[in-house]
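Note sheet for the following structure.
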Amino acid sequence: MNPIFTKITLATLGLFGFNAAKASEFFLKINRSGQHTALVGDQYQTNLSNVYRFFDLQAGTIAVKISDGNTGTLVFDGSITLQPNERLVAEMNAAGGITTIANIKVTYANWYTENTNGSNSTYNQNTPPPPPPPPVAAGPSAPSNEKFAEMKKIIDAEISDYQKVEKAKSIMKKNFLTTKQIGEICKLMDFDNYKLDYAKFAYDFCIDKNNYYELSSVFSFQSYGSDLDKFIDSKH
């Protein structure tokens, strides 16, 4: 092949292969035990170090989903906002809250070389980095096993299913639960119509809605499970 043609071809590929509009980055450290899976935009990562680095992201608002690698439970379901040519550095706590700790400007000479000024730093060492923005509020968390056991005891002390549902709704207005915990409360009731009533009410207070379809197993009759599935579909 002609050497001149080869050089021109490679230069052309490098020119069109680098998209400055997708030069944003997201670095995330998960301070939570266990293995996790991170989905940022259309990029997917999973590892044992719980440190994730995403490159070539589109600037703007990008969906972020973090799930527990062992249970499949969704521990964060939200979004981040990236500025063009910026690396957003954040940490996630055990409760599922993400806090931004740095916003660092990054520049590229081409698709494989970062920082056009030749320095190894992404910002001037003589200029301190800007202060981090306020932390993102932590997501809701489920009560401890001890507190949940007390909640169940209070609900189960009611005489009728109607009273149990009303007591459960009253308690849940101030608490968020997992799908499994909501299912346990449903099992305290004898009749499917009351279980369904409570399950529909509890949906907005569930922290792992992606597992809500599992509640179909608490009903004695399949028709009630189908009714709940239709309700869940209507929420999306």
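Here are LYS29, LYS22, LYS105, LYS65: which of them is open to solvent by 60 Å² or more (accessible area, probe 1.4 Å), at pLDDT below 80, out of contact with any Cys (no Cβ under 9 Å at 6 or more places or on another chain) and among the basic types (Lys, Arg)? Working first, answer last.
Details: LYS29 fails: at pLDDT below 80; LYS105 fails: at pLDDT below 80; LYS65 fails: at pLDDT below 80.
Among LYS29, LYS22, LYS105, LYS65, only LYS22 is open to solvent by 60 Å² or more (accessible area, probe 1.4 Å), at pLDDT below 80, out of contact with any Cys (no Cβ under 9 Å at 6 or more places or on another chain) and among the basic types (Lys, Arg).
Based on what the data block shows, is THR81 at pLDDT 85 or above and surrounded by fewer than 17 Cβ atoms within 10 Å (Cβ to Cβ)? It would help to see each step written out before you state the result.
Working: at pLDDT 85 or above: yes; surrounded by fewer than 17 Cβ atoms within 10 Å (Cβ to Cβ): yes.
Yes; evaluated as a whole, the condition is true for this residue.
Being open to solvent by 20 Å² or more (accessible area, probe 1.4 Å) and within 13 Å of the chain's Cα centre (by Cα) narrows it down to one residue among GLY97, GLY72; which is it? Walk me through it before giving the result.
Details: GLY97 fails: open to solvent by 20 Å² or more (accessible area, probe 1.4 Å).
Exactly one residue qualifies, and that residue is GLY72.
Touching a Ser or Thr at 6+ places or on another chain (Cβ under 8 Å) and either among the β-branched types (Val, Ile, Thr) or farther than 23 Å from PRO140 by Cβ (or both): does that describe ILE30? Break it down into steps so the answer makes sense when it comes.
Details: touching a Ser or Thr at 6+ places or on another chain (Cβ under 8 Å): no; either among the β-branched types (Val, Ile, Thr) or farther than 23 Å from PRO140 by Cβ (or both): yes.
No: the conditions fail for ILE30.
Could you list, in sequence order, the residues of segment 32-73 that are assigned to a strand (DSSP E or B) and without any contact (Cβ under 8 Å) to a residue 12 or more places away in the chain? Steps first, answer last, please.
So in segment 32-73, the residues assigned to a strand (DSSP E or B) come out as 36-40, 43-47, 51-57, 60-68.
Passing the criteria: TYR44, GLN45.
Please find, within segment 36-52, the residue that is modelled with the highest pLDDT out of those that are surrounded by fewer than 14 Cβ atoms within 10 Å (Cβ to Cβ) and not acidic (Asp, Glu). I'd like the intermediate steps shown before the answer.
In the first step, residues of segment 36-52 are kept if they are surrounded by fewer than 14 Cβ atoms within 10 Å (Cβ to Cβ); the result is 42, 44, 46-49, 51.
Filter once more, so that each one left must be not acidic (Asp, Glu): 44, 46-49, 51.
Details: TYR44: 82, THR46: 83, ASN47: 77, LEU48: 77, SER49: 82, VAL51: 88.
Among those that are surrounded by fewer than 14 Cβ atoms within 10 Å (Cβ to Cβ) and not acidic (Asp, Glu), it is VAL51.
Pairs under 8 Å by beta carbon, first residue within 11 Å of PHE219 (Cβ to Cβ) in segment 186-200, partner open to solvent by 70 Å² or more (accessible area, probe 1.4 Å) and among the polar types (S, T, N, Q), six or more apart or different chains?
Going by the 8 Å Cβ cut-off, the qualifying pairs are ASP192/SER220.
The values are calculated or read from the model by the stated rules, or taken from the named source; none is laboratory data. As the structure is a prediction and not an experimental result, all values here were calculated from the model. We place every Cβ from the backbone using ideal geometry, glycine too, and count neighbours over all the protein chains shown. Note: accessible area is taken over every heavy atom of the protein model, side chains too, but ligands, DNA and RNA are not part of it. Shrake-Rupley method; radii C 1.70, N 1.55, O 1.52, S 1.80 Å.
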